[in-house]
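Below is one structure, written out as structure tokens, with a few remarks after it.
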Amino acid sequence: MIDNLVRKNILALKPYSCARDEFKGQEAHVFLDANESAYNYPLNRYPDPLQEQLKKSISQVKGIPSEKIFLGNGSDEAIDLVYRIFCEPRVDNVVAIEPTYGMYKVCADINDVEYRPVPLSVNYALSADALLQAVDEHTKVIWICTPNNPTGNDLDRGEIQKLLTNFKGIVVVDEAYGDFSNLKPMRTYLEYFPRMIVLNTFSKSWASAAIRLGMAFASEEIIALFNKVKYPYNINLLTQQAAQDAISQIIRIERWNKEIRNERQHLIPSLRELSFVEHVYPTSANFVLVKVNDADAIYNYLMNKGIIVRNRTRVTMCQNALRITIGSKEENNELLGALRNYRTSKR
Ligand SMILES: *Cc1c(COP(=O)(O)O)cnc(C)c1O
């Protein structure tokens, strides 16, 4: 059904068959098939190429069957694979909102695929029609990020649905920050939209950026393509174990995320009180975009105090904007203390 969207070489590809693919039985106990060492268990063994146990756990947490889950070395692997599966270099193109997460464009450039950014409208709102106008017969993918990075806002669900129904290619909805939003996750609508790919990650709400684990939820057909193209052992054993640990202690994650929402509630009004703050944009993420009167000066001032925020002033539509991650109570208080001293210390 989506074969016409897939690159011909990928459709024809015969994937690498590894030793662990060929043998799936439970009864064997002598493994002499993969040239592994007999010593140093369990690190001597190649990990499960399809991460079946971990997917079972993720399936329960996310409410998506294992066959509709791909796990990648960060969401970044999934983003790159979307290009490699669907986009013929120098022929096909993709359409994306602007401003948004930088990796969509970096991966387009690496894969030599034309990237068509379409500015969001006022208040960083999504206009499906504007994106659809940029589509032509070679557009394979539309990139959507909600809540969007770096703006922080939820994109309108009606507009996203309009893209999903009217665009005949792949729509990727990156919900890296979905757990910080009150809206229903887009993955729950997977059944209705066979060409939608939803991205989630362990890097933000799961507090595990170091383990590099991203998730893609999509139709079995699309997941089969991901599995065909990925490196055989793309998720190492230590990462699979750490993810299982995180899931088994999900109560901790829920507590931390509640704390982040609380801190977000407190930080925003305090930022609004600062004289040099011109606008605090609404956010449904674990960061907030703040328009100030001189982003470079405040960025440098904070850096000299050992506080690093993200200066987005040179990003389209983000002039004089700083993107500030919601930290711990202590970190946020240190930030506010420094900002309150900003004007006085300058004189
Ligand atoms: C942080 C972030 C990710 C996470 O990428 P990983 O490779 O999983 O760490 C994905 N998408 C967006 C929009 C992000 O901001």
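FYI, it's all coordinate maths here, none of it is from the lab. Treat the numbers as computed from the prediction; the structure is a model and nothing was measured. Using ideal geometry, Cβ is built from the backbone for each residue, glycine included, and neighbour counts are taken over all protein chains shown.
Taking other Cβ within 10 Å of each residue's Cβ, how do Phe86, Phe276 sort, fewest first?
Going from least to most buried by this count: Phe276, Phe86.
For segment 234-266 and segment 166-187, what is the centre-to-centre distance using only Cα atoms, to the nearest Å?
Answer, in whole Å: 20.
Please report Rg over Rh for segment 251-345, where both radii come from the alpha carbon positions and Rh follows the Kirkwood definition.
Details: Rg = 13.2 Å, Rh = 13.6 Å.
Ratio of gyration radius to Kirkwood radius for segment 251-345: 0.97.
If you average the sequence gap of Cα pairs under 8 Å that are 6 or more apart and divide by the length of the chain, what percent do you get for the contact order?
On the way: 561 pairs, mean separation 57.5, N = 347.
Worked out over the chain, it gives 17 percent.
Please order Tyr233, Tyr177, Tyr101 by the number of other Cβ within 10 Å, starting at the fewest. Could you put the intermediate results ahead of the total?
On the way: Tyr233 14, Tyr177 23, Tyr101 20.
Lowest to highest Cβ neighbour count: Tyr233, Tyr101, Tyr177.
Over segment 11-136, with a single point scatterer placed on each C-alpha, what log10 of the ratio I(q)/I(0) does the Debye formula yield at q = 0.16, 0.18 1/Å?
-1.01, -1.12
Which of the aspartates and glutamates could a cross-linker bridge to Lys329, judged by Cα under 20 Å and excluding same-chain residues fewer than eight apart?
Correct list for Lys329: Asp179, Glu254, Glu259, Glu263, Glu273.
Picking from Glu77, Glu52, Glu88, which is most flexible by a Gaussian network model of the chain using Cα springs under 10 Å?
The residue with the greatest mean-square fluctuation here is Glu52.
Give the share of C-alpha pairs in each 20 angstrom bin for the chain, from 0 to the last occupied bin, in whole percents, shortest bins first.
Reading upward from the zero bin: 28, 53, 18, 1.
In degrees from 0 to 90, rounded to the nearest 10, what is the angle of the helix 329-340 Cα long axis to the longest principal axis of the chain?
Relative to the chain, helix 329-340 is tipped by roughly 40 degrees.
I'd like the FRET efficiency for Arg255 and Phe31, computed as 1/(1 + (r/R0)^6) with the beta carbon distance as r and R0 of 56 Å, rounded to 0.05. Numbers along the way, then the final one.
Details: r = 41 Å, r/R0 = 0.73.
E between Arg255 and Phe31, to the nearest 0.05, is 0.85.
When the chain is treated as a GNM, springs tying every alpha-carbon pair under 10 Å, which of Asn148, Asn320, Asn35 comes out with the largest mean-square fluctuation?
Asn35
Distances over 17 Å make up what percent of all Cα-Cα pairs in segment 191-244?
Numbers: 664 of 1431 pairs.
Cα-Cα pairs in segment 191-244 separated by more than 17 Å: 46 percent.
Where both partners of a DSSP beta bridge lie in the chain, what percent of those bridges are antiparallel, to the nearest 5?
Numbers: 19 of 38 bridges.
The antiparallel proportion sits near 50 percent.
Helix 237-248 versus the longest principal axis of the chain: what angle, 0 to 90°, nearest 10, using Cα atoms?
60 degrees
Compare the Cα positions of Phe226, Ala108, Leu120 along the charge dipole of the chain (+1 at Cβ of Lys, Arg; -1 at Cβ of Asp, Glu; about the Cα centre) and return the one farthest towards the positive end.
So the residue furthest toward the plus end is Leu120.
Would you work out the Kirkwood radius for segment 184-310? I mean one over the mean of 1/r across all pairs of different Cα atoms, in Å.
Values: mean 1/r = 0.0551 Å⁻¹.
When all Cα pairs of segment 184-310 are included, the Kirkwood radius is 18.1 Å.
Under a Cβ-only charge scheme (Lys and Arg +1, Asp and Glu -1), can you give me the dipole magnitude of segment 209-347 about the Cα centre, in debye to the nearest 20? Display every interim value, and only then the final one.
Values: 20 positive and 13 negative charges, 81 e Å.
Dipole size: approximately 380 debye.
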